[in-house]
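Report on the following structure.
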Amino acid sequence: MPHIPAILLKRTNTRGLVAYAHDILMTAISFGVSLYLRLGDGIQWFPLDRLLIGCGTFTVIGAAIYWRSGLYRGVWRYASIPDLTAIAKAVTLTLLIFLLVAFVWTRLETLPRSLPFINWLVLMALLGGPRLVYRIVRDRRLDMRMLANGNRRIPILLAGAGDGAELFIRSLTQSGGEEYRVVGIIAEKSRRVGQQIHGVSVLGTLDQLPQVLLDLKNTGEKPQRLILTKNDFDGSIVRQMFDQANERGVSLARVPNLTEFRSSDPDKVDIRPIDLEDLLGRPQTTLDRSSMRALIAGKRVLITGAGGSVGSELARQIVTFGPASLGLLDSSEYALYQIDGEVDGNTPTLSRRSIIADVRDAIRVEQVFTEFQPELVFHAAALKHVPLVEENCCEGIATNVFGTVNVADSCIKHGVSAMVQISTDKAINPTNIMGATKRVAEQYCQALDLDRGEKAGTNFVTVRFGNVLGSTGSVVPLFQKQLQDGGPLTVTHPDMTRYFMTIREAVELVLLASAIASPGVKEDGAIFVLDMGEPVRIMDLAEQMIRLAGYERGNGINIEITGCRPGEKLFEEIFHDSEEIVQTDTEGLLLATPRATSVGEITIALNELKAICEKIDQMEARQSLAVLVPEACLERNDSDDGAVAKEASPSPRIVEVPVAREDNAIS
């Protein structure tokens, strides 16, 4: 038996050593059995000394190979194909080394030529067979335990007939399954209907959920929960299942991602309630993180508005790509304190600066650029709350327009390689000051990018997307607060719709757009637009949040229609009619071709606007914005209290891009 280091003994439990001893014994037995199968009764004439020496040599070689191969890090209870593959490799290597030793020693004169092949099959059976039998016996014992507890377990229906369902059912079996009982599966594809996974039948497809629930109820097997076994279901499908299950008194839950860490008992089968991201999310393709790393690694990166929702998520993701240093700039001391502490906790060795500054202060911005010398700038600083900016027009212009001008001009002066401007769908056919100011910021960055042309200089990248789910000041935190207060939830108009993205997917696509926005990919002045799928009715969102909280509309929590606020639209658009839509090679990223404005023209108009804002003339500032953004509708009638939402066009512009998509593509 080979020498076993003490440290390895400590890492190997008693069961592993028992398995090791078992394999050594089986190796010795296999040699004799193989020789008998080859020689039959003629084995009695085989020299005993050669039999003992050959068996001993073969066993010692096997013992050494098995230990070095790490066969005892696995658990027999979970024995599977990878374990059998590891055994096959170890057995093959053992036989090859034994044949080499035997050839050097005896030139293989006394060993039958077919013995190695017979021995390989025998040894595989003796090593793999007991593992397989152990797992079958244990699983059957657990099945019996589950049957004994069947009446006390919660009946559940699984959505998705793939790997997730198989893993979930297998985990139930291995853990004893004392809490849940799977009564059926619904699949995405009809070809799976009628098939079984570990004895559980696929009863129908996702769109047949109401009928499947009715059939199960009629047979006395009505499930109490519908469990999502995939984490990339399209948000619209999840919403449909959520509504259908809720109507029939069945709650919706999901299994955790396989990559999620759990501190609970690893043998316990966990399911968790679905959250709002499951309802609004969309399947994402795997993004090219290598290009993001190439963009950021070793660079000095500055984030304006770093304490905000988008800015802080940018900071979290950027630090994972190894920047040389990170500058966090925000006018809010508390917000900056929070993200600075988070970055410090996650990457304490990263060189960083936390900068209290207002992007409206051109002198301070210039000082920051002079001292920090950024190579890459993400401009997320903005005033974004529509009603507040509507009431404070000049302040919104100062931050969203001239803050962007100050940052962009400093980028050019200091030779920043790229500036990424975060924009919004409210900049399209704007009906409010916030949207109009963001459109002017887009125009200025587009003009600078077009003016650069073939010259070396700052690459201006503008990325436009909709509402960030759960961001500060958005509707979701408002609804959550109203739920905590016992309601009602306030909706301004029953037909109000909005585009939503999760903060993570929005920032990932912003980073990817920045990484691929080279002159050869992006036309100068073009704007990246994130594909946000279908818009969501705010009324539906409110009702879903009520049900997720365990209430029913009208029975404990009500929804109150408050009337549209000044500047609100019933729907948002992501493209202007004059912008040509271009599909990029990356799913989820579209390009809007530029609406050209020269730097000279926009600079003259901005100088006039700045003079007006310095006088704090709100009405004249609105009129000046309307000139800069001709498609804007900024008329204000305070007498109607915003009772009717303005529409930018007769109907929403539905964008259809002719591009082939995989099943899990963003839609």
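The combined condition, being surrounded by fewer than 22 Cβ atoms within 10 Å (Cβ to Cβ) and without any contact (Cβ under 8 Å) to a residue 40 or more places away in the chain, is not fulfilled by residue 358.
Only a single criterion out of (1) modelled with pLDDT under 75; (2) assigned to a helix (DSSP H, G or I); (3) of a type outside the set (Ser, Thr, Tyr) is not satisfied by residue 571, namely (2). For segment 378-452, the helices (runs of 4 or more DSSP H) that sit wholly inside it and include 1 or more residues that are under 27 Å from residue 317 (Cα atoms) and assigned by TED's automatic domain parsing to the domain that holds residue 319 are 403-413, 433-452. When segment 107-136 is limited to residues that are hydroxyl-bearing (Ser, Thr, Tyr) and at pLDDT below 75, the one that is farthest from residue 58 (Cα to Cα) turns out to be 134. Does segment 229-245 hold any residues that are closer than 15 Å to residue 502 by Cα and at pLDDT 80 or above, and which are they? Scanning segment 229-245 gives no hits. Checked against the criterion of being β-branched (Val, Ile, Thr), within 23 Å of residue 548 (Cα to Cα) and part of a loop (DSSP other than H, G, I, E, B), segment 180-194 has no qualifying residue.
Of the helices (runs of 4 or more DSSP H) lying entirely inside segment 1-77, those containing at least 1 residues that are modelled with pLDDT of 80 or more are 14-39, 48-69.
Take residue 345 and decide whether it is at negative phi, assigned by TED's automatic domain parsing to the domain that holds residue 441, at pLDDT below 95 and under 30 Å from the mean Cα position of the chain (by Cα).
Values: at negative phi: yes; assigned by TED's automatic domain parsing to the domain that holds residue 441: yes; at pLDDT below 95: yes; under 30 Å from the mean Cα position of the chain (by Cα): yes.
Yes: the conditions hold for residue 345.
What do you reckon, is residue 87 modelled with pLDDT of 80 or more, among the β-branched types (Val, Ile, Thr), in contact with a Lys or Arg (Cβ under 9 Å, 6 or more places away or on another chain) and in the same structural domain as residue 122 (by TED's automatic domain parsing)? When the stated conditions are applied, residue 87 passes them. Looking across 171, 201, one residue alone is at pLDDT below 85 and out of contact with any helix residue (DSSP H, G or I) (no Cβ under 7 Å at 6 or more places or on another chain). It is 171. Considering only residues in segment 580-623 that are at pLDDT 80 or above and among the polar types (S, T, N, Q), the one that is surrounded by the most Cβ atoms within 10 Å (Cβ to Cβ) turns out to be 618.
Pull up segment 316-364, narrow it to residues that are of a type in the set (Gly, Ala, Ser) and assigned to a helix (DSSP H, G or I), then point me to the one that is nearest to residue 398 (Cα to Cα). Here the answer is 362.
For residue 470, the conditions (1) closer than 22 Å to residue 437 by Cα; (2) within 21 Å of the chain's Cα centre (by Cα); (3) modelled with pLDDT under 75 all hold with the exception of (1). Do the conditions hold for residue 211, that is, is it outside any loop (DSSP other than H, G, I, E, B), surrounded by fewer than 17 Cβ atoms within 10 Å (Cβ to Cβ) and either of a type in the set (A, V, I, L, M, F, W, C) or in contact with a strand residue (DSSP E or B) (Cβ under 8 Å, 6 or more places away or on another chain) (or both)? Yes; evaluated as a whole, the condition is true for this residue.
Checked against the criterion of being modelled with pLDDT of 80 or more and outside any strand (DSSP E or B), segment 250-264 contains one or more residues that satisfy it.
Within segment 473-490, being buried (at least 20 other Cβ atoms within 10 Å of the Cβ) and more than 27 Å from residue 335 (Cα to Cα) holds for one residue alone: 489.
Kindly provide the set of residues from segment 481-517 that are of a type in the set (Val, Ile, Thr) and either out of contact with any Pro (no Cβ under 6 Å at 6 or more places or on another chain) or assigned to a helix (DSSP H, G or I) (or both), ordered by number. Working first, answer last.
Taking segment 481-517 first, the residues of a type in the set (Val, Ile, Thr) are 490-492, 497, 502-503, 507, 510, 516.
If the condition is that a residue be of a type in the set (Val, Ile, Thr) and either out of contact with any Pro (no Cβ under 6 Å at 6 or more places or on another chain) or assigned to a helix (DSSP H, G or I) (or both), then 490, 491, 492, 502, 503, 507, 510, 516 are the ones that fit.
The values are calculated or read from the model by the stated rules, or taken from the named source; none is laboratory data. In this text the structure is predicted, and so the values were computed from the model without any measurement. Because the Cβ atoms are built from the backbone with ideal geometry, glycine has one as well, and the counts that use them run over all protein chains shown.
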